[in-house]
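So the structure is just underneath, and the comments pick up after that.
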Amino acid sequence: MAKKILIVDDEPDVLATLRDYFKGQNYEVETGVNGEEGVDKADKFKPDIILLDVLMPVMDGITALKKLKDNPATAKMEVIMLTNIGDQDKVAAAMESGTTNYFIKSDYSLDDLKKKIEELVP
């Protein structure tokens, strides 16, 4: 059975690249364009792992992460934060809120991300 991944990012190019890559790796993929949509889809889709952008409209990723961790139905889901921001305060906030990992978009390859996901969700 295919692993399920939820990708939440407001940048269409990033969303499309990640979606196409993980579909090509035989993941079942769902997407969202803001934190509110991500929280809603996580509850319905029940992904094995969530890739969550930090800066988004409607609801940012840190707030979405807190909501996911506060909901018993989604609290145990693995979450990797993806961002263009290397701000240490944002990194600390994400780690305190329960993220599994934090990737700076410009500093990782899709293969690196896939390896991390395979470690977290074997």
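The values are calculated or read from the model by the stated rules, or taken from the named source; none is laboratory data. All values reported here derive from a predicted model rather than from experimental measurement. All Cβ positions, even for glycine, are placed from backbone atoms using ideal geometry, and neighbour counts span all protein chains on display.
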*Of all residues in the range 5-60, count the ones that are in contact with a helix residue (DSSP H, G or I) (Cβ under 9 Å, 6 or more places away or on another chain) and within 18 Å of residue 111 (Cβ to Cβ).*
12
*helices (runs of 4 or more DSSP H) within the range 19-122 that include 3 or more residues closer than 14 Å to residue 8 by Cβ, at pLDDT 90 or above and in contact with a strand residue (DSSP E or B) (Cβ under 9 Å, 6 or more places away or on another chain)*: 35-45, 61-70
_Qualifying positions in the range 46-73 - touching a Lys or Arg at 6+ places or on another chain (Cβ under 8 Å), crowded, with 16+ Cβ neighbours inside 10 Å and of a type outside the set (A, V, I, L, M)_ = 47, 48
*Of the residues in the range 6-51, how many are touching a Ser or Thr at 6+ places or on another chain (Cβ under 6 Å) and among the β-branched types (Val, Ile, Thr)?*
1
